[in-house]
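Everything on this sheet refers to the single structure shown next.
All of the numbers you see were taken from the coordinates with simple rules; none came from a lab. Owing to the predicted nature of the structure, the values given are computational and were not obtained by experimental measurement. Note that each Cβ is placed from the backbone with ideal geometry, even for glycine, and that neighbours are counted across all protein chains shown.
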């Protein structure tokens, strides 16, 4: 049940229903507002919608999708928990057309910043699959890296722990960032020997290498056992982080299950 997350950001979204620019991506083909769906992940498993003050709704469109998927659930960029704007559908994902471009159209009552994050999944993931997970390790890491806004930033993580020899599947993830006034959106895992880019909604941390402002665990942070989303003890993963602000300090927690 591996998955990727991708994003769309517009700095001044028009009040009329219009397309949102796709964020440049190393894994997915992107051209302007178009992001092309891969055959490996032809379902929409979740969608996060953010606006500054007055988001209305967004639509996911494809040429072969006769009726767009419309979402009214949204959160403000200023709230602590952005997951208030998360529509989570992993148990019943919506089908997409592989190979076709995907667009996000958005309407806002104000010309303002808007951001959409989409979870593209390989198939259905009922909650019962998550219940079968048997974690074996919890590790933490940090990074001091100033982000460039509105792009996926490559962030190298310094890990606080060393793992015993073996291979580990990632079954949970939590990421936080810090700046005096920060608006982190999402983070995704970079596995050194794997092209998948799974990720989560990010939250704030109170200061450099300190606790998360919001400690509630969300559905996006608990993953099923996915052998594809794994790494060897000597090939520790890094992150890509997307933010509306130039955040400077980052913390990550990974829940792991040893599989080899």
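Data for the structure
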| read-out | value |
| --- | --- |
| Volume per residue that the Cα convex hull of segment 131-258 spans, once the total is divided by residue count, Å³ | 94 Å³ |
| DSSP bridge orientation in the chain - percent antiparallel, rounded to nearest 5 | 95 percent |
| Rounded FRET efficiency, nearest 0.05, which uses the C-beta distance separating residue 39 from residue 192 and R0 of 22 Å | 0.40 |
| Calculated FRET value between residue 15 and residue 158, using beta carbons and R₀ = 45 Å, to 0.05 | 0.55 |
| Span from the segment 134-186 Cα centroid across to the segment 216-232 one, whole angstrom | 13 Å |
| Estimated distance in nm for a label pair at residue 232 and residue 206, the labels positioned 7 Å out from Cα along Cα-to-Cβ | 4.1 nm |
| Alpha-carbon centroids, segment 43-63 and segment 97-114: separation in whole Å | 6 Å |
| Cα-projected label distance for residue 129 with residue 217, points at 7 Å along beta-carbon direction, nm | 1.9 nm |
| Compactness index (Cα Rg / 2.2 N^0.38 Å), segment 3-125 | 0.98 |
| Where labels lie 7 Å past Cα in the beta-carbon direction, separation of residue 26 and residue 97 in nm | 3.1 nm |
| Rg(Cα)/(2.2 N^0.38 Å) for segment 67-195, N = residue count | 1.27 |
| The chain: mean projected area of Cα convex hull, nm² | 12.5 nm² |
| Mean separation of Cα contacts under 8 Å, 6 or more apart, over the residue count of segment 164-205: relative contact order % | 44 percent |
